[in-house]
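Only one structure is covered here, and it is reproduced in the block below.
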Amino acid sequence: MAKGRHEHLLGQVDGLSVGSVPPVVHSVVSMGDRDLTRGRLPLGTDRWRTVVRPVQSDRRALPLAQARNAAAEAAVEEGADLLVFMGGDVIPGKRALERYADAVTTGAPDGVSGPVVWQGPLLHLPPLENEALGYPFGHLAEIATPTGSDPVLEPGQLLHEPDWGHFRGCAFAMTARDFADVGGFCPDYTGHGLEDADFARKVGDAGGSLVWVGGAASYLQPVPAPDTADELRIALRHAATWRARWGTDPDHPMIDRLLGAGVLQRAETGGYVAV
């Protein structure tokens, strides 16, 4: 899903173009992006089908959860049975799609049950030195910084991850059947915050599992840091949604960060209030 940052989305297309296997369909959701909705970006290729679907959007808080559901629905309509979710700022590694497909074919490790979320390592790319040249797609691993909490695995190695706190919605894979069985992301969350944790809880409560896939690397392009006031507004709304859905207050890094910054505090009666 995307709103602006067109160069980031085009970087994703370039990453798919040099991949070891192409997707069946590249399902893109426009969150109020007129240029994207009207087909003004060069996303097309003869190696796969490209589908662009718009969703209604509030510029103050993008409907990321709803957009992921819409992207999955469009992909399934086009015949996809394995869904690889990549945020608009993410570039898939050369063998990411191949590794995910191999993992699903091989099957989950022993002891893993229920709907399975497959997740590869995420690496962070530095700012572009020359925007006209773009990233060196054959050498992304050499210039990117690994996420410290991701395990180091051999290509194709699978590892069960019991801690759902490691799940991230910007880069993962799931069979279409498992995603449908879980019910997708909760669209009540708008803006980036607790929608990933909510989805992880849904999968966990359904008896599902999170599995690391060695070699299914993806690369996050630099994005601006969120504005604290915007993040606080979204956090308050997300925390209220979480409490209504799960009956407890969320434990989440975004909440901890805002508590530590002194702009959020716990209310005596439960929930959170802005300071």
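The table that follows gives values for the structure above.
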item	result
Taking GLU195, GLU268, GLU7, GLU73 and counting other C-beta atoms within 10 Å, the order from fewest to most	GLU268, GLU7, GLU73, GLU195
Length released on extending from ALA225 to ASP205, taking residue separation times 0.36 nm less the Cα-Cα span	4.0 nm
Region 165-275 shape via C-alpha gyration tensor axes, a/c threshold 1.5	oblate
Label point distance in nm, VAL263-HIS124, each placed 7 Å from Cα along Cα→Cβ	1.9
Rounded, prolate or oblate (a/c below 1.5 giving rounded, otherwise prolate when a/b exceeds b/c) for region 118-159 by Cα gyration tensor	prolate
Interchain or long-range residues, amide H under 5 Å from THR147's placed H	LEU122, HIS124
Correct choice for Rg and Dmax of the Cα atoms in Å that was computed from the model, options (1) 18.4, 59; (2) 17.7, 54; (3) 20.4, 64	(1)
Cα→Cβ-extended label distance, 7 Å offset, between ALA132 and HIS160, nm	5.4
Proximal charge balance of PRO42 [Cβ under 12 Å; K/R count +1, D/E count -1]	-2
Contact order normalised by residue count of the chain, Cα under 8 Å, 6+ apart, percent	22
Potential extension, THR106-ALA244 segment - 0.36 nm per residue separation minus Cα distance	45.8 nm
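Values in this text are rule-based calculations from the coordinates and carry no lab data. Worth saying up front: this structure is predicted, and the values here are computed from it rather than measured. Glycine also receives a Cβ, built like all others from the backbone with ideal geometry; neighbour counts cover every protein chain displayed.
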